[in-house]
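Peer 1: Below you will find the structure I want to go over with you.
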Amino acid sequence: MADVAENTLSCARCGKPAHLQCPKCIELKLPREGAAFCSQDCFKDSWSSHKSVHLKAKLSSTGTGAPSDKNLEKDAVSEGWQYCMRRGQSRTAKLPHFDWTGTLRPFPISRNRIVPAHIDKPDWAVDGIPKIEPNSELQHVVEIKTPDQIERLRETCRIAREVLDVAARMIHPGVTTDEIDRVVHEATIAAGGYPSPLNYNFFPKSCCTSVNEVICHGIPDARKLEDGDIVNVDVTVYYKGVHGDLNETYFVGNVDEESRQLVQCTYECLEKAISIVKPGVRFREIGEVINRHATMSGLSVVKSYCGHGIGELFHCAPNIPHYARNKAVGVMKAGQTFTIEPMINAGVWRDRMWPDGWTAVTADGKRSAQFEHTLLVTETGVEVLTARLPSSPNVFPWLNQQ
């Protein structure tokens, strides 16, 4: 163990001031945060989990995500780091063959994270299969929430916002999306919640991290974020029997102007859509507003994925398409809750699916951005249940100009 400057770092295990650093982390030139320990005992007690940091560094240094030698491949398998296949139901040690649309590649993913027994869990937590949701009448009828449901949703959505803000503070070059997932997982559990995506239809992680040309449902893995990337983090929390869902797209280091304009326009698309939400407005109008703003900027709107009703079910009626001339049925009524989550592409709107069965990417490999809020229709308009807080990190430059 090597000495580090006193009182500058916290022990990765117990949080006390750290004076020692893992020698392997120094050799691999890894960040000191997370590699510092207060004593040899804390280092030894943390070794079984800490050594995975070294493996992630080796995996990400190969450039393509494919293990560079047989020993590394063996290490990856023994540590549980493999490529996701069949929507999360299987793994492989080999990089799958695919006609990749852009420069991004999947990297190996870690084992599924554990949720403590005392946490209240949705019905898919154990076997990956939602049971109540698919057959519920709320797939066809838009529920008017009770005051009790609304209060629970407010509380859950605030927790979800706070969890996403924790993730946002981690975004910088060199951080892996697996590390973001770990922080989301731990923050959710610390608040008494369950990370809704975990094992939902076998999704293997606790949040979605969608980088560059990934439109949505990117799986957190061993790839390090690079200077110039954009990354969407999508968080949903299950707490007191209800779900709160939101996402934001962040800049990683110095991002080119085209990507900045894409992300800002996507943010504006969501804000403009929210501004029309009130009783009596047709659901299909949301797509008209979003499409108008995106096309004025020369961008396109994804049609394969939409917003959704939310509450005691993760996904239910109504469907909220984000594109123009959609066929959404019905009008908004006070007490309804749903998400709006436009996905806006720099190029064509069409998407492709990676071999993992989850990761949707742009068909032309150009970048995509997304923002999402959970909303409550009120008697006079709308309440944004996942709204930014005074404590939310200041990461969007255009908000400083308002």
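The values are calculated or read from the model by the stated rules, or taken from the named source; none is laboratory data. Being a predicted model, the structure only gives us computed values, none of them experimental. In this analysis, Cβ positions are derived from the backbone assuming ideal geometry, glycine residues included, and neighbour counts consider all displayed protein chains.
Peer 1: State yes or no: is Y305 crowded, with 17+ Cβ neighbours inside 10 Å, of a type in the set (S, T, Y), assigned by TED's automatic domain parsing to the domain that holds K272 and farther than 26 Å from G280 by Cβ?
Peer 2: yes
Peer 1: Being surrounded by fewer than 17 Cβ atoms within 10 Å (Cβ to Cβ), in the same structural domain as N201 (by TED's automatic domain parsing) and modelled with pLDDT of 95 or more: is that true of R169 here?
Peer 2: The answer is yes for R169.
Peer 1: Please pick out the residue among L389, L399 that is aliphatic (A, V, I, L, M) and free of Cβ contacts under 8 Å to residues at least 12 places away in the same chain.
Peer 2: L399
Peer 1: Which of the following residues is in contact with a Lys or Arg (Cβ under 7 Å, 6 or more places away or on another chain) and within 24 Å of P195 (Cβ to Cβ): V126, V115, V166?
Peer 2: So the residue among V126, V115, V166 that is in contact with a Lys or Arg (Cβ under 7 Å, 6 or more places away or on another chain) and within 24 Å of P195 (Cβ to Cβ) is V115.
Peer 1: Testing I344 on (1) out of contact with any Gly (no Cβ under 9 Å at 6 or more places or on another chain); (2) surrounded by fewer than 21 Cβ atoms within 10 Å (Cβ to Cβ), one condition comes back false. Which one is that?
Peer 2: The one condition I344 does not meet is (2).
Peer 1: Just to verify a result, which residue in region 1-49, among those that are of a type in the set (F, W, Y) and part of a helix (DSSP H, G or I), is modelled with the highest pLDDT?
Peer 2: F43
Peer 1: How many of the residues in region 232-271 are among the aliphatic types (A, V, I, L, M), outside any loop (DSSP other than H, G, I, E, B) and out of contact with any His (no Cβ under 9 Å at 6 or more places or on another chain)?
Peer 2: 5
Peer 1: Out of I132, I119, report the one residue that is surrounded by fewer than 19 Cβ atoms within 10 Å (Cβ to Cβ), touching a Phe, Trp or Tyr at 6+ places or on another chain (Cβ under 7 Å) and at pLDDT 95 or above.
Peer 2: Criteria check complete, one pass: I119.
Peer 1: Of all residues being outside any loop (DSSP other than H, G, I, E, B) and acidic (D, E) in region 363-401, which is nearest to the chain's Cα centre (by Cα)? Just the residue, please.
Peer 2: E372
Peer 1: Further, regarding this structure: Does region 341-387 hold any residues that are closer than 18 Å to P321 by Cα and among the basic types (K, R), and which are they?
Peer 2: Within region 341-387, just R350 meets the criteria.
Peer 1: Further question on the same structure: I need the full set of residues from region 355-393 which are closer than 27 Å to Y200 by Cα, touching a helix residue (DSSP H, G or I) at 6+ places or on another chain (Cβ under 8 Å) and among the hydrophobic types (A, V, I, L, M, F, W, C), in order please.
Peer 2: The answer is W358, A369, F371, L375, L376, V384, L385, A387.
Peer 1: Right, here's the next one. (1) in contact with a Cys (Cβ under 9 Å, 6 or more places away or on another chain); (2) under 28 Å from D165 (Cβ atoms): which one isn't true of P321, the others all being true?
Peer 2: Of the numbered conditions (1) in contact with a Cys (Cβ under 9 Å, 6 or more places away or on another chain); (2) under 28 Å from D165 (Cβ atoms), the odd one out for P321 is (2).
Peer 1: Would you mind finding the one in R161, R152 that is closer than 25 Å to Q336 by Cβ, among the basic types (K, R) and crowded, with 22+ Cβ neighbours inside 10 Å?
Peer 2: R161
Peer 1: If we keep just the residues of region 101-132 that are more than 16 Å from G88 (Cβ to Cβ) and of a type in the set (D, E, K, R), which is nearest to the chain's Cα centre (by Cα)?
Peer 2: Looking at the filtered set, the residue picked out is R105.
Peer 1: Working carefully through the options S210, S206, find the one that is crowded, with 24+ Cβ neighbours inside 10 Å, at pLDDT 95 or above, in the same structural domain as V252 (by TED's automatic domain parsing) and in a loop (DSSP other than H, G, I, E, B).
Peer 2: S206
Peer 1: Inspect region 168-176 for any residue being closer than 20 Å to R388 by Cα, touching a strand residue (DSSP E or B) at 6+ places or on another chain (Cβ under 8 Å) and not in a helix (DSSP H, G or I) and give the result as yes or no.
Peer 2: Looking through region 168-176, at least one residue is closer than 20 Å to R388 by Cα, touching a strand residue (DSSP E or B) at 6+ places or on another chain (Cβ under 8 Å) and not in a helix (DSSP H, G or I).
Peer 1: Counting just the residues of region 268-285 that are within 16 Å of E372 (Cβ to Cβ) and in contact with a helix residue (DSSP H, G or I) (Cβ under 7 Å, 6 or more places away or on another chain), which one comes out surrounded by the most Cβ atoms within 10 Å (Cβ to Cβ)?
Peer 2: C269
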